[in-house]
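Below is one structure; the comments refer to it alone.
Readers should treat all values here as calculations from the given coordinates under stated rules, not as data from a laboratory. Note that this is a predicted model, so its numbers are computed, not measured. Cβ coordinates were reconstructed from backbone atoms using ideal geometry, including for glycine residues, and neighbour counts include every protein chain displayed.
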Amino acid sequence: MSEVLASEPAGVQTCVEVRNVHDGDTFTCVTEAGTLRIRVAGIDAPEVGQSYWRVSRDLLRSNTPAGSTVDCYKVDRYERQVCRVHTPEGKDVAMGLVEAGLAWHTVKYREEQAPHEQAAYAAAEERARNTRKGLLTLSEPQEPSVCREQRKQKLKCT
């Protein structure tokens, strides 16, 4: 299978295989047309090495079996397809990660979400925070965006 060029959004595709789940928001989707590198829209999950990154990655892996769909609407600067991801049963994978306290609702790109999605993701994160789920059990969980900035300065993340 060929890799689909990431110069344009891929639209709606079905994953016949999911592989290379890198962390809680990045994986590879093999479709009938080729291979797509996916960045899950609407969330920011822990970076590799951060607290709970493996748990977040493992939940993404278990929630994206073959038959999952991706609705890709843009290409990011790393040439990944930015997509809404759903299980074969239609469950919003990103929402599941936020509800489990294993990803943050990303505010930087919230304008890419419909108002009802913004409200639902924000409410899910607030519920996870209030019930101290996942990484939100930590006294001071470090958002991935902070980790990325620290790594640019050669500092360690938590």
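Return the residue satisfying two criteria in turn: it lies in the range 52-68 and is assigned to a helix (DSSP H, G or I) and touching a Pro at 6+ places or on another chain (Cβ under 8 Å), and of such residues it is surrounded by the most Cβ atoms within 10 Å (Cβ to Cβ).
56
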Please indicate, with yes or no, whether at least one residue in the range 133-140 is within 16 Å of the chain's Cα centre (by Cα) and under 23 Å from residue 21 (Cβ atoms). yes
Give 16, 12 a once-over and let me know the one that is over 26 Å from residue 119 (Cβ atoms), more than 12 Å from the chain's Cα centre (by Cα) and hydrophobic (A, V, I, L, M, F, W, C). 16
Determine the pairs where a residue that is within 22 Å of residue 49 (Cα to Cα), located within the range 124-145, has a partner that is loosely packed, with under 14 Cβ neighbours inside 10 Å and aromatic (Phe, Trp, Tyr) with Cβ atoms under 6 Å apart, the partner being 6 or more residues away or on another chain. none
Among the residues that make up the range 38-51, is at least one of them surrounded by fewer than 21 Cβ atoms within 10 Å (Cβ to Cβ), of a type in the set (S, T, N, Q) and free of Cβ contacts under 8 Å to residues at least 40 places away in the same chain? no
Near pairs, Cβ below 6 angstrom, 6+ apart or cross-chain, from the range 9-21 (under 15 Å from residue 89 (Cα atoms)) to any residue that is aliphatic (A, V, I, L, M) and in a loop (DSSP other than H, G, I, E, B): 16/66
